[in-house]
1. Looking only at region 25-80, which residues are modelled with pLDDT of 95 or more and among the acidic types (Asp, Glu)?
2. Could you list, in sequence order, all residues of region 30-82 that are of a type in the set (A, V, I, L, M) and in contact with a Gly (Cβ under 8 Å, 6 or more places away or on another chain)?
3. Could you please let me know if ALA115 is surrounded by fewer than 17 Cβ atoms within 10 Å (Cβ to Cβ), within 8 Å of the ligand (Cβ to nearest atom) and among the small types (Gly, Ala, Ser)?
4. Sort out which residues of region 55-94 are among the aliphatic types (A, V, I, L, M), within 8 Å of the ligand (Cβ to nearest atom) and more than 10 Å from LEU124 (Cβ to Cβ), and write them in order of number.
5. Counting only residues that are within 14 Å of PHE36 (Cα to Cα), give me the helices (runs of 4 or more DSSP H) lying completely in region 56-128 with at least 1 of them.
Amino acid sequence: MNRKTSMIAVAFTLHAIHANAAATENCSPTIGEHVFETKCAMCHSVDKTKGTLVGPNLAGVFGRAIGKLPGFAYSSVLAQSTGKWDEKELDVFLKSPSAAKPGTAMPFTGIKNDADRASTICYLQQQR
Ligand code: HEC
């Protein structure tokens, strides 16, 4: 590695560490639970024994394939999505469901506050 490439490598590493630190600082599962109870729980359960409400059960949704929970009739945009619900996918979807997945059947305008959204995602991450 020459001097220039190693400088670039250092810059990238620092950036990655910083991005991680920011995500952790912004994340409060307690706030996330409050957001979930007030904005999501009328349509979603995170208790896997409760099954489907208006929306699919969200126990284990973090890391789950998008739009593939057996027995739930998804909109075609979710059913045809590929990939998994990771931090990035959830962030974009929960910010504005209809912008992220045009035609989604989830009637929710989105969590516009960045810290509230990050906290909701880390709360979901803990629901197994
Ligand atoms: C008024 C009811 C309603 C509310 C409120 C609601 N959802 Fe949904 N949600 C749905 C429906 C219906 C779907 C299925 C959407 C589709 O098929 O396009 C869904 C889908 C989802 C999915 C995709 C799950 C999968 O199996 O692919 C996630 C993640 C999700 N919602 C999270 C949330 C979160 C987090 C909140 C609160 C911030 C929330 N939803 C609020 C009804 C709702």
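1. Hits for region 25-80 are GLU33, GLU37, ASP47.
2. Passing the criteria: ALA65, ILE66, VAL77, LEU78, ALA79.
3. no
4. ALA65, ILE66, LEU69, ALA73, VAL77, LEU78, ALA79 - these are the residues of region 55-94 that are among the aliphatic types (A, V, I, L, M), within 8 Å of the ligand (Cβ to nearest atom) and more than 10 Å from LEU124 (Cβ to Cβ).
5. 87-95, 114-126
The values are calculated or read from the model by the stated rules, or taken from the named source; none is laboratory data. None of these values were measured; they are calculated from a predicted model. Here Cβ is always computed from backbone atoms with ideal geometry, including for glycine, and neighbour counts include all displayed protein chains.
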